[in-house]
Amino acid sequence: MIASVMMCASAVLLLIGMLAGVVMGMQQDFTLAPAHAHLNLVGGVLLFMFGLYYRLVPAAGRLAMAVVQGSLHIAGAVLFPAGIALVTLKGHSYVAAPIVGSLIVVVATALFVAIVFRTSRA
């Protein structure tokens, strides 16, 4: 279940990130390139890879920790690049958003590492 949620969320975030890149290219304004890159990597690529692991190792996807990890990663994958965009466009008074978003992603990734070590022999 969590594998499908993560892979679907990944596809949506990747599409949004790619469309943002197209818009930046059309406008020849790459101010938000860091937010675009983080959305594609953290939201698109990493989220999909985590979902694939849960699909390939069903025991991992059935863990309650996997649901927590996936939920945290989805939240962080949205907040982190959105926070980067806010800081870029509105200034450093919004710096808490990308900091919190990046910390959420790090915690989610640490949970994923624990899940992999727990289930890699399954």
Karplus (6.51, -1.76, 1.60) ³J(HN,Hα), θ = phi - 60°, over segment 94-102, in Hz, Gly and Pro reported as x: 9, 5, 5, 4, x, 5, 4, x, 5
The chain - mean residue ellipticity at 222 nm from DSSP helices (-39,500 (n - 2.57) per run, n ≥ 4, rounded to 500): -26500 deg cm²/dmol
Cα long-axis angle, helix 64-90 against the chain (0 to 90 degrees, to the nearest 10): 10 degrees
Highest-MSF residue in the chain out of 64, 85, 75 [GNM, Cα springs under 10 Å]: 64
Qualifying trypsin sites (Lys or Arg not before Pro) for segment 45-107 [loop in DSSP, other Cβ within 10 Å: at most 16]: 62
With every protein chain in place, the chain: carbon and sulfur % of accessible area (1.4 Å): 77 percent
Where chymotrypsin sites (Phe, Trp or Tyr not before Pro) fall in DSSP loop in segment 1-55, at most 12 other Cβ within 10 Å: 30
Difference of contour (0.36 nm per residue) and Cα-Cα distance, residue 67 to residue 5: 21.4 nm
Karplus 3J(HN,Hα) series, Hz, for segment 14-25 with 6.51 cos²θ - 1.76 cosθ + 1.60 (x for Gly, Pro): 5, 4, 4, x, 5, 5, 4, x, 5, 4, 4, x
For segment 11-122: accessible area per residue (Å², 1.4 Å): 57 Å²
Distance (nanometres) between label positions extended 7 Å along Cα→Cβ at residue 41 and residue 29: 2.5 nm
Extension gain from residue 118 to residue 52, taking 0.36 nm per residue of separation minus the Cα-Cα distance: 22.1 nm
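The values are calculated or read from the model by the stated rules, or taken from the named source; none is laboratory data. Because the structure is predicted, anything quoted here is derived from the model rather than measured. Note that we place each Cβ from the backbone using ideal geometry, even for glycine, and neighbour counts take in every protein chain shown. For accessibility, only protein heavy atoms count, side chains too; no ligands or nucleic acids. Shrake-Rupley method; radii C 1.70, N 1.55, O 1.52, S 1.80 Å.
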